[in-house]
Structure formats: structure tokens, C-alpha cells
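Laboratory data are not the source of any read-out in this text; all were calculated from the coordinates shown. Since the model is a prediction, treat every value here as computed from it, not as a measurement. When we count neighbours, we look across all protein chains shown, and the Cβ atoms used for this are built from the backbone with ideal geometry, even at glycine.
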Amino acid sequence: WFALYIAALLPLIAIFARYEQAGRRGDTPELPRWRVIVGLLLICAGLAASAAISIASPNGITGVRLWVVALPYIGATVAGFGPIIDLLRRLRPARPSR
């Protein structure tokens with residue numbers, strides 16, 4: 001089975017590897033390592049909670065555990081990527097370089 005998985009994965013790696021290269025943008029500052037680590041821990045905690053206890057909640061108004069849904073987004077924002085960061089970059093005007 002492992003040989004079959006590897007044989008199926010290698011062509012996909014060859015096709016999509018160029019899209020996985022993280023390029024540095026000129027306007028993106030380098031983040032401290034602690035922010036990346038804390039962000040990734042929050043993402044993992046949110047995904048683990050959604051797998052362990054589900055996002056469905058019998059209590060509450062929405063019927064959804066909003067904190068479980070929000071943890072990965074909060075973690076991505078702390079780590080400096082994701083949809084919230086993209087939105088903030090579009091809303092914030094570019095600062096002139098010195």
C-alpha cells in the first residue's frame with residue numbers, strides 16, 4: 001500500500017510543488033518565531049477540538065461551538081497568514097518605505 005501511495009503522490013508533487021514555494025513579499029515583515037509557534041498551536045488545537053468534540057453543540061443559540069470554529073482562524077492570524085490577514089492587508093494602506 002505504501003508503494004502505491006508513493007507512486008500516486010510523486011506525480012502530484014511534481015505538478016504542485018511550484019505552488020508550495022513560499023515567496024517573500026517586499027511588504028511583509030518577518031514575524032517573531034513565538035508568533036508562528038503560538039499561531040500553529042492554536043490552529044492545531046482548533047482542528048483537534050473539531051475532531052474530538054465536533055463543532056455541533058446542543059447548547060447555545062447557534063448550535064455551533066463558535067470557539068472551535070474560530071481557533072484555527074485566530075491561530076492563522078497570529079501566525080501571519082490566512083483570510084483575516086489578507087483582508088487586513090487589503091484594508092490597510094501601504095506604508096511608504098524609508
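Residue pairs whose Cβ atoms lie under 6 Å apart, sitting 6 or more positions apart in sequence or on different chains, and linking a residue in the stretch 71-89 that is within 16 Å of Leu47 (Cα to Cα) to a partner that is not polar (S, T, N, Q) and not in a helix (DSSP H, G or I), are Ala76/Gly82. Contact annotation: no residue pair with Cβ atoms under 8 Å, 6 or more positions apart or on different chains, pairs a residue in the stretch 40-58 that is touching a residue at least 60 places away in the same chain (Cβ under 8 Å) and closer than 10 Å to Val68 by Cβ with a partner that is aliphatic (A, V, I, L, M) and in a helix (DSSP H, G or I). For the stretch 48-61, residues that are part of a loop (DSSP other than H, G, I, E, B) and surrounded by 10 or more Cβ atoms within 10 Å (Cβ to Cβ) total 4. Of the residues that sit in the stretch 61-82 and are hydroxyl-bearing (Ser, Thr, Tyr) and under 10 Å from the mean Cα position of the chain (by Cα), which one is farthest from Glu30 (Cα to Cα)? Filtering the stretch 61-82 for residues that are hydroxyl-bearing (Ser, Thr, Tyr) and under 10 Å from the mean Cα position of the chain (by Cα), the one farthest from Glu30 (Cα to Cα) comes out as Tyr73.
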